[in-house]
Amino acid sequence: MTIDRQTELEIRRLYFAEHWKRGTIAAQLGVHHDVVERAIGPLGPEPKQREPRPSVLDPYRSFVVDTLERYPRLVSTRIYDMLVERGYAGSARTLRRFVHAHRPAAAGEVYLRLETLPGEQSQVDWAHVGQLRVKGGMRALYCFVLMLRYSRAIWAELVLEQTTMSLVRSLARAAKFFEGVTHQWLFDNPKSIVAAREGRAIRFQPQLVELAGELHVSLRACRVRTPTDKGGVERAIRFLKTRFFPARTITSLESGNAELQSFLDRVAMQRKHPVHRDRTVAEVFAEERSRLMPLREAALSTDLITSVMADKTAFVTFDTNRYSVLPEAADRQLTLVANDREVRLCEGEAVMGSHVRSWAKNDTIEAPAHRSALLAHKARAREGKGRDWLRTAVPRVEELMQRWLEDGRNVGSLASQTVKLLDLYGAPVLTQAVSELLDKGSHDFGALAILCEQRRTRRRPLLPIALAPHVVDRDVIPNDLGGYDDDSQ
């Protein structure tokens with residue numbers, strides 16, 4: 001802190017003439033304690049330098065200094081162990097003070113600011129931005145970010161995985177959004193991107209290489225543990241973490257991505273460009289758009305294709321979840337084709353199962369057609385899997401069975417009869433009947449069957465009946481049957 005000459009003289013007057021304490025002067029004048037000490041100056045002659053006292057570390061000083069020159073980042077405890085092996089009898093604290101004073105200072109790195117040509121480079125990275133609650137637990141939530149280095153235009157989306165195929169899908173969507181690609185993609189070094197690296201020799205993941213080959217893009221990776229190589233996307237991530245994500249609750253990928261895209265259009269694209277300060281990012285991007293390489297007309301392949309084994313219960317496990325297939329595919333090798341929206345299971349050209357991809361954890365996704373085919377194929381499996389089938393088709397049936405159990409009823413028998421109601425009336429009717437029965441505070445099976453029948457008859461429309469020409473259309477008044485059993489008549 002720099003002070004004027006008048007303030008310096010006032011500090012000296014208050015100290016030497018008024019005998020104020022240093023802390024009082026600092027508080028009253030609003031200056032730092034170091035400023036007061038500097039203004040007062042030394043109060044006497046400098047103390048004489050004392051001769052250094054002998055230390056148990058003296059015979060090992062040259063060894064420690066030489067070791068630090070060769071290994072400047074070596075911790076003092078490791079040096080202490082090395083000295084003990086050589087006869088050192090002093091304390092680790094004495095050694096630590098010596099190492100702190102003699103460790104070579106790290107050379108500061110000087111950075112060179114580089115600006116790329118329009119359409120030359122995109123920088124790509126992920127950022128962990130929290131967690132998303134899903135059925136069965138929590139999933140890590142990530143934000144994929146691609147930034148055009150010249151214009152600083154950002155495209156981002158929320159994803160639930162950092163796999164190679166997730167990267168490929170996000171890159172393809174970013175290319176469609178910008179209606180073109182830059183000549184180069186610059187990445188970090190995670191395993192989902194770099195399969196192996198030895199010095200400057202890099203082997204990228206095959207799926208990423210295929211996508212880059214289709215779009216004619218060059219792949220580059222930063223130096224290991226050097227995030228400054230892609231400082232542009234790092235600043236873009238910091239921008240999103242400070243302007244978009246704070247005080248915002250993400251409840252689903254769909255709503256979160258909709259809010260994110262709106263923010264990018266309204267805020268990110270309208271911010272001032274850091275180099276061309278008289279223009280916005282959107283204006284600079286309009287200039288860069290014409291320099292992007294155009295997309296090919298062929299559709300980009302972004303599906304994960306791998307081999308999986310269907311178990312003996314006709315289910316396939318993928319990403320902690322179980323997906324059903326047709327019974328004839330049980331205990332066979334299948335081909336799984338998956339993206340972030342759909343999971344297909346094929347055997348050759350035949351599709352053994354197709355499901356909407358579930359982002360839940362440890363969930364079971366079963367198609368009704370697969371269950372029906374399994375029951376038809378193996379009728380004896382109806383009783384063993386009846387409860388699972390009910391839980392899948394009727395959301396509140398678990399609550400109904402809990403009522404039966406508390407009432408001491410035979411749950412197995414009632415569940416078997418409820419399966420028959422499901423086959424007879426269908427899932428929509430049984431679901432409505434179970435909900436109405438539980439809302440009324442009842443769990444009687446007979447009442448459940450009556451409610452199903454009532455819903456079936458309500459849905460059946462009245463059919464008009466055409467009368468014969470000779471029949472007169474008139475109202476029929478029924479006779480009074482009150483005295484039907486009267487003996488006097």
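The values are calculated or read from the model by the stated rules, or taken from the named source; none is laboratory data. All values reported here derive from a predicted model rather than from experimental measurement. Positions of Cβ are generated from backbone atoms using ideal geometry, with glycine treated the same way; all protein chains shown enter the neighbour counts.
Descriptive notes on the structure:
- Failed condition for residue 180, given (1) touching a residue at least 60 places away in the same chain (Cβ under 8 Å); (2) more than 27 Å from residue 277 (Cβ to Cβ); (3) surrounded by fewer than 19 Cβ atoms within 10 Å (Cβ to Cβ): (2)
- Per the listing 360, 369, 376, the residue uniquely surrounded by 13 or more Cβ atoms within 10 Å (Cβ to Cβ) and of a type in the set (Gly, Ala, Ser) is 360.
- Selection of the range 208-237 for residues being under 18 Å from residue 303 (Cα atoms), in contact with a strand residue (DSSP E or B) (Cβ under 8 Å, 6 or more places away or on another chain) and buried (at least 17 other Cβ atoms within 10 Å of the Cβ) yields 208, 212, 215.
- Filter pass, residue 151 being closer than 22 Å to residue 320 by Cβ and crowded, with 17+ Cβ neighbours inside 10 Å: no
- The range 305-317: number of residues that are under 22 Å from residue 169 (Cβ atoms), surrounded by fewer than 19 Cβ atoms within 10 Å (Cβ to Cβ) and of a type outside the set (S, T, N, Q): 2
- Consider the range 324-355 and keep the residues that are within 22 Å of the chain's Cα centre (by Cα) and not small (Gly, Ala, Ser). The one that is farthest from residue 170 (Cα to Cα) is 355.
- Within the range 1-37, the set of residues being of a type in the set (Phe, Trp, Tyr) and not in a helix (DSSP H, G or I) comprises 20 only.
- Within the set 297, 259, the sole residue that is over 25 Å from residue 115 (Cα atoms) and part of a loop (DSSP other than H, G, I, E, B) turns out to be 297.
- Failed item in (1) in a loop (DSSP other than H, G, I, E, B); (2) within 29 Å of residue 259 (Cβ to Cβ), with residue 189 passing the rest: (2)
- Subset of the range 413-452 [more than 17 Å from residue 372 (Cα to Cα) and free of Cβ contacts under 8 Å to residues at least 12 places away in the same chain]: 413, 439, 440, 441, 442, 444, 446, 447, 450
- Within the range 383-421, if we keep just the residues that are buried (at least 17 other Cβ atoms within 10 Å of the Cβ) and closer than 17 Å to residue 324 by Cβ, the residue that is modelled with the lowest pLDDT turns out to be 385.
- Of all residues in the range 424-442, those satisfying the criterion of being part of a helix (DSSP H, G or I) and either surrounded by fewer than 17 Cβ atoms within 10 Å (Cβ to Cβ) or among the hydroxyl-bearing types (Ser, Thr, Tyr) (or both) are 424, 425, 427, 428, 431, 432, 435, 436, 438, 439.
- Extreme residue, surrounded by the fewest Cβ atoms within 10 Å (Cβ to Cβ), among residues of the range 262-284 that are touching a residue at least 40 places away in the same chain (Cβ under 8 Å) and closer than 28 Å to residue 164 by Cβ: 264
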